[in-house]
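Only one structure is covered here, and it is reproduced in the block below.
The values are calculated or read from the model by the stated rules, or taken from the named source; none is laboratory data. Since the structure is predicted, the reported quantities are computational estimates derived from the model, not experimental observations. Cβ atoms come from the backbone with ideal geometry, glycine included; neighbour counts cover every protein chain shown.
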Amino acid sequence: MKSTDIESSVPRSDGNDTVSSSGSEGVILQTGVQRVEAVAKTWTRKALYVAYAGIFLMAFCTSVDIQVTSLLAFYATSSFSSHSLLSTVGVVGSVLMAVVQPPMAKIADVFGRTEAFAISMLLYILGYIQMAASENISTYASAQIFYAAGSTGLRILQQIFIADTSDLLNRALLSSLPDTPFLITVWVGPEIAEHFTTGPWRWGYAMWTIITLVLSLPLFISLWVNQRKAAKAGLLPEYPWKSRGVVNFLKSLWTELDVMGVLLLVAAFSLLLVPLTLGGQAVGKWKNPSIIAAIVIGGVCLILFPLWEMWKKAAPTPLLTLRLFKNRTVIAGCVLGFFYFKMYTNGPTSVAYYLSLQPYFYSYLMVARNTGSKAAGHITLTFSFTATVSSVLISLVIKYTKHYKYYMIGGILIYMLGIGLMLRYRNIDASNAQVIWTQIVVGIGGGMLNVPAQLGVQAASLHQEVAAATALFLTIVSIGGAVGSAVSGAIWSHNIQKKLMLYLPEAAKGNMTMIYGSAVTATTYPMGSPERTAIIRSYDETMRILLIVAVCVCIPMLPAGLCMANYKLDEVDQRVEGVVFGSSGKKRARSESGTAEVVERKE
């Protein structure tokens, strides 16, 4: 079967997920997908191992990077006297990470994986250059545009490459490969960050412009060499707009990349989520006409986005394949991803994560519990370490049992238990050991959720749809992070200001703005002093409010997980062409109902 003749998706047998392979919803492979399948036909096992080694190196680099820079944000924002805007910077980054993923996946489908990697790396480096050179919070926040676009592109392209070169049975384990560096970097990051906390924190950002570029070369060279081999063999398809002139080229790009869909999606979430946290920064800001107008326009764009995507004449190649929204497993997986913890090579995200661990847990440890920067970094990152170990182990179990749903449900229950324990033990009366153990419990649950939800979404897709399905899932996860960051920022800003004014001694109330704006200033008051006691009480009570909300947002996770189909992974054929990890042949898609329909792959 030629790649351009592939139609529809793998037949499903769980009710709404069924789509006939002979139906009218044909899936035509875009040029980028055809090109990666052509390259896959030239892979040797040795070349594929080199490419995966390159992915590991890049993941290791970005993992150390996030461990260091996430801690430096505490000092960067405080140096601008804008510590309270830490969540706003997080919202900007999360919104951009959400909206960049579908267009980056589309770029990979239209131009190819190698080209998309190159674009992402350029944006990534530009972001760090601007962060290192920033002189105020506005410049620092705007640097998130380039950084988020680049880092998110690298992250999703790693997952797309893994999906391109593996079958579902091996994909769970291979998908955890970019996370494994956390086993080391979670401890190394705080050690490195400490060298930049007392002096030139800017160099903590600048050094990654060189390190990341160098360590990414093995993957780039591997992809480029094999792409050249495919071209010489006559397997590499030409771009459809080649030699058609500038006007036709621009028209083709507008359609192929669904530029209007990208603009609507970016505008919708940016204008809805950023004002949410800004509105909580000070009393009366919700009455600001600019904030109200932004929310209204964002809402309109959110309504227009699906309408545009369904207009086949205007958007023949939509940014997000709406057919995926008809699939119960895809919808349930995205709902689960919105609320739960998801580990990325550039850090975790979700609603619950931003309400329980970021961006204020590190500040809480430094100010309320008086831990040093290194100890606070280790405690904060214990979660990432535990989740990575749990993720790798559960991936091995999935490979040998060929199911994913049972472990995902177990992970949901453990995760919910851990969040509940945080509410019980994250207070000033608890010991550091109790705080750390709650991190470990949540990490175990989070790791058990890390791979299975994404794997279930990918199992419901064909090869042409894998990039779009992965982008849809990761977009919803990042939107969850943006919502969580916005909500946590609004709660933190409103409550910290109010409680500081309530508890600070009269003589210190004049310094409230400085204490609120800089966590570093808050730590200058000695432990036991009336001022530090008031600050600790304010932090403690506000953290409890955040955790109560985190417990509430965990509730929808269980029904969402139960709604996902329980595919037998070794019997699902996504019709991936070329050399892959795993075997192909006669496959079948099976769900919990026990029925199945065989899909034979014709060569």
In the set Gly447, Gly484, Gly456, the lone residue that is part of a helix (DSSP H, G or I), in contact (Cβ under 8 Å) with a residue 60 or more places away in the chain and farther than 24 Å from Val100 by Cβ is Gly447
Checked segment 541-579 for anything modelled with pLDDT under 65 and not small (Gly, Ala, Ser); matches are Asp573, Gln574, Arg575, Val576, Glu577, Val579
Within segment 188-221, residues out of contact with any Phe, Trp or Tyr (no Cβ under 9 Å at 6 or more places or on another chain) and under 27 Å from Gln34 (Cα atoms) come out as Leu217, Pro218, Ile221
message: Suppose the filter is in a helix (DSSP H, G or I) and either modelled with pLDDT of 80 or more or basic (Lys, Arg) (or both); does Thr513 pass it?
response: yes
Among helices (runs of 4 or more DSSP H) entirely within segment 210-313, at least 1 residues that are at pLDDT below 75 occur in 246-256, 259-278
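Do we find that Tyr525 is hydroxyl-bearing (Ser, Thr, Tyr), outside any helix (DSSP H, G or I) and either in the same structural domain as Leu421 (by TED's automatic domain parsing) or surrounded by fewer than 22 Cβ atoms within 10 Å (Cβ to Cβ) (or both) in this structure?
On the way: hydroxyl-bearing (Ser, Thr, Tyr): yes; outside any helix (DSSP H, G or I): yes; either in the same structural domain as Leu421 (by TED's automatic domain parsing) or surrounded by fewer than 22 Cβ atoms within 10 Å (Cβ to Cβ) (or both): yes.
Against the criterion (hydroxyl-bearing (Ser, Thr, Tyr), outside any helix (DSSP H, G or I) and either in the same structural domain as Leu421 (by TED's automatic domain parsing) or surrounded by fewer than 22 Cβ atoms within 10 Å (Cβ to Cβ) (or both)), Tyr525 qualifies.
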Screening Thr388, Thr371, Thr380, Thr438 for residues that are of a type outside the set (Phe, Trp, Tyr) and assigned to a loop (DSSP other than H, G, I, E, B) leaves only Thr371
### Query
Do we have any residue at all in segment 145-163 that's touching a residue at least 12 places away in the same chain (Cβ under 8 Å) and not in a helix (DSSP H, G or I)?
no
